[in-house]
Amino acid sequence: MDIVESLFDIQVQDPPEEDFSSIDLTWTKFGTAEHHDEVALIPYARVDSFIIGECSNVECPTRFHIERGRKRSRGSLKEYKDDEYLEYRLYWCSFGPENYGEGGGVLPSRKYRLNTRNRAARPQSMRGCTCHFVVKRLYARPSLALLIYNDRRHVNKSGFICHGPLDRDAIGPGAKKIPYICNEIQQQTMSMIYLGIPEESVLEKHIEGIQRYCGSDAKVNSLASQYVQKLGMIIRRSTHELDLDDQASIRLWVDRNKKSIFFYQDSSETDPFILGIQTEWQLQQMIRFGHRSLIAADSTFGIKRLKYPLCTLLVFDSRQHALPVAWVVTRSSAKPDVTKWMKSLLDRARSIEPGWKISGFLIDDAAAEIDPIREIFCCPLLFSLWRVRRSWLRNIVKKCTNIKIQREIFKRLGNILYSIWDGADPFVNLEVLIQDFVDQTAFIEYFKASWMPKLAMWLSTMRALPLASQEASGAIEAYHVKLKTKLFDDSHLGALQRVDWLVHKLTTELHSSYWLDRYADESDSFQNVKDEYIASTSWHRAMQIPNSAVTLGDKEHLFARVSSQKDSSLTHLVWNPGSEFAFCDCAWSMQGNICKHVVKVLMNLWTKPMDDSVELDLSVAWTHNMLDQIKQLVELSSSDDIGAVVNNLPLKWVSKKGRTSVGIPSSTLALPSSSKSSTVHKKNRKRKRLSRLR
């Protein structure tokens with residue numbers, strides 16, 4: 001094969017098949033006589049089709065993950081070669097190259113039993129496969145991708161086939177006896193056991209997974225049964241208490257699970273305890289669903305019952321369900337501490353995907369520190385009322401016995417919040433409400449004690465930030481309810497003050513539940529799990545209610561009736577329809593939740609379902625952000641006294657060296673300093689040093 005020195009001499013290939021692999025391409029040697037690679041040119045739009053084709057190799061079925069990635073912006077290079085990249089990604093077979101066991105030591109692929117404490121058979125999950133390739137999106141021709149295949153064979157460093165049907169040896173504990181179990185099969189089996197699925201069903205699915213790689217064999221089935229039984233026994237016997245002392249136990253857990261931690265700070269006299277947890281799967285989901293999309297926070301969970309409150313960062317998956325991608329266990333909400341773990345989380349994502357960026361951040365607590373979000377993520381913010389709505393409704397139902405009074409108080413509280421955009425004084429309206437319902441002593445006392453001191457703060461946040469849609473709010477609430485169900489059942493009440501128990505529950509049961517949900521949906525398996533997952537939010541349940549089941553009560557739309565789909569004789573009454581503070585008499589709503597009947601009536605009043613309401617949230621956030629900036633520009637250009645405009649801006653010095661930067665008002669986006677400006681400062685400092693020498 002001749003060596004080609006210019007990419008312009010290589011023909012672009014576009015196979016007609018929907019998915020294609022390296023076998024379908026003609027490979028060319030590109031480079032020099034001393035150093036050259038086997039390459040092929042394809043349209044950049046067909047890269048995913050190539051990767052899917054490579055994963056579907058009959059002899060070595062696998063998946064490829066991004067090992068490294070880099071990006072350049074267009075126009076960043078003044079001079080460049082024809083093979084310079086705009087985007088660079090190194091894809092590696094997920095069966096290699098090595099396994100890193102407990103303690104961080106390297107465990108190379110082996111055919112003998114290693115006496116470790118990793119009892120969940122983790123050493124079997126990587127096989128030392130050297131197959132990998134590079135995808136370059138060309139800088140000179142962005143519509144094309146250059147494929148560079150470094151090693152097309154699925155073999156280890158010794159040259160032996162290390163996975164797939166042709167590999168009859170197992171690598172790991174019990175070699176040559178136990179069939180190979182890849183990450184996906186092992187996680188599937190563990191998830192099913194954690195969720196309490198019967199062992200017969202677990203074994204059936206486990207064998208199906210193994211047969212994709214090893215084929216059907218009676219001995220394989222027998223050994224697989226032993227593996228499932230052993231894994232189930234290990235999981236049932238596992239405990240969160242690695243030490244009687246909770247703090248010492250957490251230190252041991254952190255030392256053994258370094259790959260699942262993005263930030264850790266032990267408590268001391270000067271620093272608070274902070275533990276940031278993110279598994280490798282969660283990192284992949286955050287990169288996948290968070291890029292150019294929303295991230296939301298379910299903050300301050302368990303603030304009264306847990307030793308340390310829990311903050312969860314969520315992304316919205318392909319069905320707009322809230323998916324937990326990171327957990328932060330800490331009592332501190334101070335800006336320096338929030339900045340530490342947020343920066344660490346962003347750095348971790350960008351170490352895998354350098355160009356990773358979110359388009360909006362959704363908060364649910366008016367007391368949350370928003371400066372770190374703006375400074376680190378550089379994105380607009382949205383505000384969700386689901387937490388205040390849920391708290392008010394639960395306490396109204398609990399403390400007021402008359403349903404007519406319940407729905408009237410709830411409606412008027414909602415109107416008080418919304419009155420901030422009508423120019424009315426919400427506190428005057430609130431005083432009228434208190435006088436009108438002075439006989440509802442229990443609720444009025446609760447409201448005065450819990451909400452009056454901080455209501456001004458919540459109203460101020462509502463004025464400053466655009467409100468999130470009910471779909472996004474409902475998805476966050478659905479996660480919150482599931483988390484509460486998992487953690488606060490009666491069997492765990494004695495362990496709530498231990499951090500190691502909380503971490504154990506999050507990384508085993510809750511993580512397994514969401515992993516299996518996503519796997520069932522994407523692989524179209526576990527139909528019961530998939531159906532429950534799809535119907536886990538009120539938004540999706542509402543879409544199953546036909547329009548004919550909804551009847552508006554009168555011309556003023558004071559109430560609506562929704563016929564039950566299970567019992568035709570039952571009708572649910574929704575008061576104040578179309579509002580986030582609508583009140584339904586169904587059992588789910590009476591617990592403080594956004595129910596499907598409220599959402600369905602909302603859809604009908606809009607005349608069509610808002611399938612892309614999360615995308616609408618993004619648009620609203622950016623529009624609100626641009627509007628604020630335009631207002632400032634208009635004010636600046638129309639003012640005769642620039643000093644008066646500047647005085648209205650809240651000044652905030654970021655650091656002693658950066659006092660040329662003015663703090664951004666709370667309702668605007670903080671943009672990072674450009675690289676150009678930082679270069680100018682460096683040059684100025686250099687000139688000053690030279691002048692001193694003269």
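Under the rule of at least 5 residues apart or a separate chain, name every residue whose amide H is placed under 5 Å from the amide H of L144.
Y44, L138
Quick one: length gained pulling N221 to D531 fully straight, 0.36 nm per residue minus the C-alpha distance? Write down the numbers at each step before the final one.
Values: separation 310, 0.36 × 310 = 111.60 nm, distance 2.91 nm.
Computed gain between N221 and D531 is 108.7 nm.
Counting only protein heavy atoms and a 1.4 Å probe, tell me what percentage of segment 296-455's accessible area is made up of carbon and sulfur. Please list the in-between numbers first.
Details: 3180 of 6140 Å².
Answer for segment 296-455: carbon and sulfur cover 52 percent of the accessible area.
Rounded to a whole number, what % of the accessible area of segment 526-600 do carbon and sulfur atoms account for, probe 1.4 Å?
Roughly 50 percent, rounded to a whole number.
Which FRET efficiency, nearest 0.05, do R68 and S333 yield, Cβ-Cβ r, R0 41 Å? Before the final figure, lay out the partial values.
On the way: r = 35 Å, r/R0 = 0.85.
With R0 = 41 Å, the Cβ-Cβ based efficiency is 0.70.
Over 18 Å between C-alpha atoms is what I'm after, so list which of K343/K454; K404/K454; K307/K484; K566/K600 land there. Please report the intermediate quantities before stating the final value.
Details: K343/K454 29 Å; K404/K454 27 Å; K307/K484 15 Å; K566/K600 16 Å.
Where the Cα-Cα span goes over 18 Å, the pairs concerned are K343/K454; K404/K454.
Once you charge only the Cβ atoms, +1 for Lys and Arg and -1 for Asp and Glu, what is the size of the charge dipole of segment 365-416 about its Cα centre, to the nearest 20 debye? Could you put the intermediate results ahead of the total?
On the way: 11 positive and 5 negative charges, 137 e Å.
In debye, rounded to 20, segment 365-416 gives about 660.
Along the charge dipole of segment 499-562, pointing to its positive end and built from +1/-1 on Cβ of Lys, Arg, Asp and Glu, which listed residue (W515, F526, S548) has its Cα farthest out?
Comparing the listed Cα positions along the dipole, S548 ranks first.
Evaluate the distance, in nm, between pseudo-label points positioned 7 Å from the Cα of I23 and of S6 along their respective Cα→Cβ axes.
So the two model labels end up 3.5 nm from each other.
Can you work out the FRET efficiency for the pair S619 and D255, with r the C-beta to C-beta distance and R0 = 41 Å, to the nearest 0.05? Numbers along the way, then the final one.
Details: r = 45 Å, r/R0 = 1.10.
Working from the Cβ atoms, E equals 0.35.
Among all the aspartates and glutamates, which ones have a C-alpha under 18 Å from K29's C-alpha, if same-chain residues fewer than 8 places away are not counted?
Reachable aspartates and glutamates: D2, E5, D9, D37, E38, D82, D83, E84, D151.
Karplus couplings for segment 2-8 from phi (6.51 cos²θ - 1.76 cosθ + 1.60, θ = phi - 60°), rounded to Hz, Gly and Pro as x?
Taking θ as phi minus 60°, the curve returns 6, 8, 9, 9, 10, 5, 5 Hz for segment 2-8.
Label-point separation (nm) for S637 and E34, each offset 7 Å from Cα along Cα-to-Cβ?
The answer from the label model is 5.8 nm.
Taking amide H positions as placed in the peptide plane 1.01 Å from N, state which residues far from L362 in sequence (5 or more) or on other chains have amide H under 5 Å from it.
The list, which skips near neighbours in sequence, is I295, A296, A297, L382.
Of the heavy-atom accessible surface of segment 194-290 (probe 1.4 angstrom), what whole percent is carbon and sulfur? Please list the in-between numbers first.
Numbers: 2530 of 5140 Å².
So the carbon and sulfur contribution to the accessible surface is 49 percent.
Grab the Cα-Cα distance for S201 and D271, subtract it from 0.36 nm times how many residues apart they are, and report the gain in nm with one decimal. Intermediate values should be presented prior to the final figure.
Details: separation 70, 0.36 × 70 = 25.20 nm, distance 4.77 nm.
Length difference between fully extended and current span is 20.4 nm.
Given H placed on each backbone N at 1.01 Å, which residues far from R68 in sequence or on other chains put an amide H within less than 5 Å of it?
Residues meeting the amide H criterion: L90.
Can you list the HN-Hα couplings for segment 387-393, worked out from phi with the Karplus curve (6.51, -1.76, 1.60; θ = phi - 60°), rounded to whole Hz and with x for Gly and Pro?
5, 5, 4, 5, 5, 5, 5
How large is ³J(HN,Hα), in whole Hz, for each residue of segment 17-24 in order, when computed from phi with the Karplus curve 6.51 cos²θ - 1.76 cosθ + 1.60 and θ = phi - 60°, using x for Gly and Pro?
5, 4, 10, 9, 10, 5, 5, 7
With a Förster radius of 30 Å, plug the Cβ-Cβ distance of I235 and R292 into 1/(1 + (r/R0)^6) and report the FRET value to the nearest 0.05.
Numbers: r = 38 Å, r/R0 = 1.25.
According to the calculation, E is roughly 0.20.
The values are calculated or read from the model by the stated rules, or taken from the named source; none is laboratory data. Note that the structure is a prediction, hence the values are computed from the model and not measured. Every residue, glycine as well, gets a Cβ built from its backbone with ideal geometry; the counts of neighbours run over all protein chains shown. Just the protein is used for accessible areas: all its heavy atoms, side chains included, with ligands, DNA and RNA removed. Shrake-Rupley method; radii C 1.70, N 1.55, O 1.52, S 1.80 Å.
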